[in-house]
Protein chains: 2
Amino acid sequence: MKPKRLCILFVLGFSFFLWGCTGSQEEKVDLVAVGDVITEFRAAVNSARTDEILVRYAEDAIILPANEEVVVGKQAVSEFWNRRAYTGIELVEEQVVLNGSGSIAYEVNTSIFKYQLGGQEPVESGPSKNVRIWKKQADGAWKLQVDVWNSSVPQPMRSSAISP
Amino acid sequence: MKPKRLCILFVLGFSFFLWGCTGSQEEKVDLVAVGDVITEFRAAVNSARTDEILVRYAEDAIILPANEEVVVGKQAVSEFWNRRAYTGIELVEEQVVLNGSGSIAYEVNTSIFKYQLGGQEPVESGPSKNVRIWKKQADGAWKLQVDVWNSSVPQPMRSSAISP
């Protein structure tokens with residue numbers, strides 16, 4: 001091969017290297033794929049299919065339920081969901097944002113959830129809001145890493161926390 | 001330059017490109033730098049220095065305060081903090097996790113906050129927990145993108161939300 005051609009190839013190769021170094025490809029999170037997983041997770045929560053809910057959580061997932069202690073790890077997450085014997089009626093979530101970078105994506109939603117406990121009267125929970133952080137696993141699957149929610153309804157009985 | 005040397009240079013350049021493509025560098029979030037920003041943010045919240053709190057938030061930041069509506073954008077974030085006329089006494093946060101990928105980092109903490117409103121008696125808020133999502137800006141600074149917290153104390157007056 002002629003030196004000139006080799007030189008062009010080198011410049012091309014080195015340009016690709018520099019382009020790689022800018023980290024621009026780290027922004028290319030497939031938010032459509034994440035959105036599909038979110039849709040499936042919501043459907044599983046809505047219909048109270050505990051197995052299908054649990055399969056979405058990462059092994060080291062963390063849940064921060066409102067008015068309960070933090071839940072750390074898949075075993076604790078499993079116990080958390082298995083304690084909730086409810087029948088979902090309707091989960092309505094409105095996405096405020098869905099974004100990501102590298103192997104992390106996050107969503108912010110407002111929500112209202114109608115459900116039933118045992119044979120009791122239906123309950124409407126909300127308006128609430130939640131943040132979910134998803135992490136791309138080694139096999140490419142997006143798993144729920146952090147799951148946190150709180151109520152948007154004022155708490156009349158004690159002063160609400162200023163921060164955090 | 002000799003063709004052989006050019007060939008070596010090309011192979012080197014192309015190897016760097018392939019290495020760049022693996023995305024391995026996308027995991028290299030400088031968590032020490034993020035940790036420093038977190039320490040400064042906590043100090044600002046603790047001492048109620050509103051300007052120093054606000055400078056940490058991104059332009060499109062979102063706050064999800066417990067028992068309040070979602071707060072979207074820097075203007076609303078600014079109004080949120082300016083409404084809170086408190087004197088911080090002691091903020092104790094214990095980090096559950098700090099992780100990140102690409103231009104995103106997130107922290108999960110449990111916390112207790114002692115503060116005073118006006119001339120009133122000191123209040124202890126908590127135990128609470130929070131999730132903060134930080135985003136690396138174009139200039140390299142880490143800014144607070146999503147800020148959410150809730151109480152770990154059971155809510156006696158109405159059934160706590162099952163999910164979300």
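The values are calculated or read from the model by the stated rules, or taken from the named source; none is laboratory data. Keep in mind that this is a model prediction, so the values were computed, not measured. Reconstructed Cβ throughout: ideal geometry from the backbone, glycine too, with neighbour counts over all protein chains shown.
Does any residue of region A:101-113 turn out to be more than 8 Å from every other protein chain (Cβ to nearest Cβ), aliphatic (A, V, I, L, M) and in contact (Cβ under 8 Å) with a residue 40 or more places away in the chain? There is at least one residue in region A:101-113 that is more than 8 Å from every other protein chain (Cβ to nearest Cβ), aliphatic (A, V, I, L, M) and in contact (Cβ under 8 Å) with a residue 40 or more places away in the chain. Considering each residue of region B:136-161, count those that are under 26 Å from A:V77 (Cβ atoms) and modelled with pLDDT of 55 or more, and give that number. Total meeting the criteria: 12. Can you find a residue that is within 11 Å of chain A (Cβ to nearest Cβ), within 19 Å of B:V55 (Cα to Cα), surrounded by 15 or more Cβ atoms within 10 Å (Cβ to Cβ) and of a type in the set (F, W, Y) anywhere in region B:82-99? Yes.
Give the residue, chosen from B:L64, B:L54, that is in contact (Cβ under 8 Å) with a residue 24 or more places away in the chain and either surrounded by fewer than 21 Cβ atoms within 10 Å (Cβ to Cβ) or touching a Ser or Thr at 6+ places or on another chain (Cβ under 7 Å) (or both). Don't jump to the end; show me each part of the working.
Values: B:L64 fails: either surrounded by fewer than 21 Cβ atoms within 10 Å (Cβ to Cβ) or touching a Ser or Thr at 6+ places or on another chain (Cβ under 7 Å) (or both).
Going through B:L64, B:L54 in turn, just one is in contact (Cβ under 8 Å) with a residue 24 or more places away in the chain and either surrounded by fewer than 21 Cβ atoms within 10 Å (Cβ to Cβ) or touching a Ser or Thr at 6+ places or on another chain (Cβ under 7 Å) (or both): B:L54.
When B:V108 is tested against (1) closer than 27 Å to A:E94 by Cβ; (2) in contact with a Pro (Cβ under 8 Å, 6 or more places away or on another chain), exactly one condition is not met: (2).
Taking the numbered list (1) under 18 Å from B:I104 (Cβ atoms); (2) out of contact with any Gly (no Cβ under 6 Å at 6 or more places or on another chain); (3) surrounded by 18 or more Cβ atoms within 10 Å (Cβ to Cβ) in turn, A:K129 passes all entries but (1). So is A:S24 of a type in the set (S, T, Y), over 23 Å from A:S101 (Cβ atoms), at pLDDT below 95 and surrounded by fewer than 20 Cβ atoms within 10 Å (Cβ to Cβ) or not? No. Restricting attention to region B:121-158, and to residues there that are more than 7 Å from chain A (Cβ to nearest Cβ) and aromatic (F, W, Y), which single residue is nearest to B:A33 (Cα to Cα)? That would be B:W142.
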